[in-house]
Amino acid sequence: MKVIAFNTSARKDGNTAILIKQVFKELESLNIETELIQLAGQRICGCMGCGQCLIAKNNKCAVTDDPVND
């Protein structure tokens, strides 16, 4: 099993990250793999409703400079 946490707080290593890391310590003690993805400071676009993902039938967003689409 693997647990992934997305920290969307404005501060990369702020209180939210500290709390996530505390939870990860407990999970890792149970041999559960963890990964923290920090999104602070990155430009994230929401869905524009353009439908390009449906037209291309590839489930890929037309916005290519968004880290969430990676």
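Tabulated results
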item	result
Residues (over 15 Å from the mean Cα position of the chain (by Cα) and polar (S, T, N, Q)) located in region 1-58	15, 22, 29, 31, 52, 58
Any chance residue 51 is without any contact (Cβ under 8 Å) to a residue 12 or more places away in the chain and surrounded by fewer than 11 Cβ atoms within 10 Å (Cβ to Cβ)	yes
Which numbered condition residue 66 misses (of (1) modelled with pLDDT of 95 or more; (2) out of contact with any Leu (no Cβ under 9 Å at 6 or more places or on another chain))	(1)
Residue 4, sole failed condition from (1) surrounded by fewer than 12 Cβ atoms within 10 Å (Cβ to Cβ); (2) modelled with pLDDT under 90; (3) of a type in the set (Val, Ile, Thr)	(2)
Of residues in region 10-20 being loosely packed, with under 15 Cβ neighbours inside 10 Å and of a type outside the set (Val, Ile, Thr), the one nearest to residue 44 (Cα to Cα)	10
Qualifying positions in region 28-60 - outside any helix (DSSP H, G or I) and more than 18 Å from residue 8 (Cβ to Cβ)	30, 31, 32, 33, 48, 49, 50, 51, 57, 58, 59, 60
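The values are calculated or read from the model by the stated rules, or taken from the named source; none is laboratory data. This structure is a prediction, so every number in the text was calculated from the model and none was measured. No Cβ is skipped: glycine too gets one built from the backbone with ideal geometry, and neighbour counts run over all protein chains shown.
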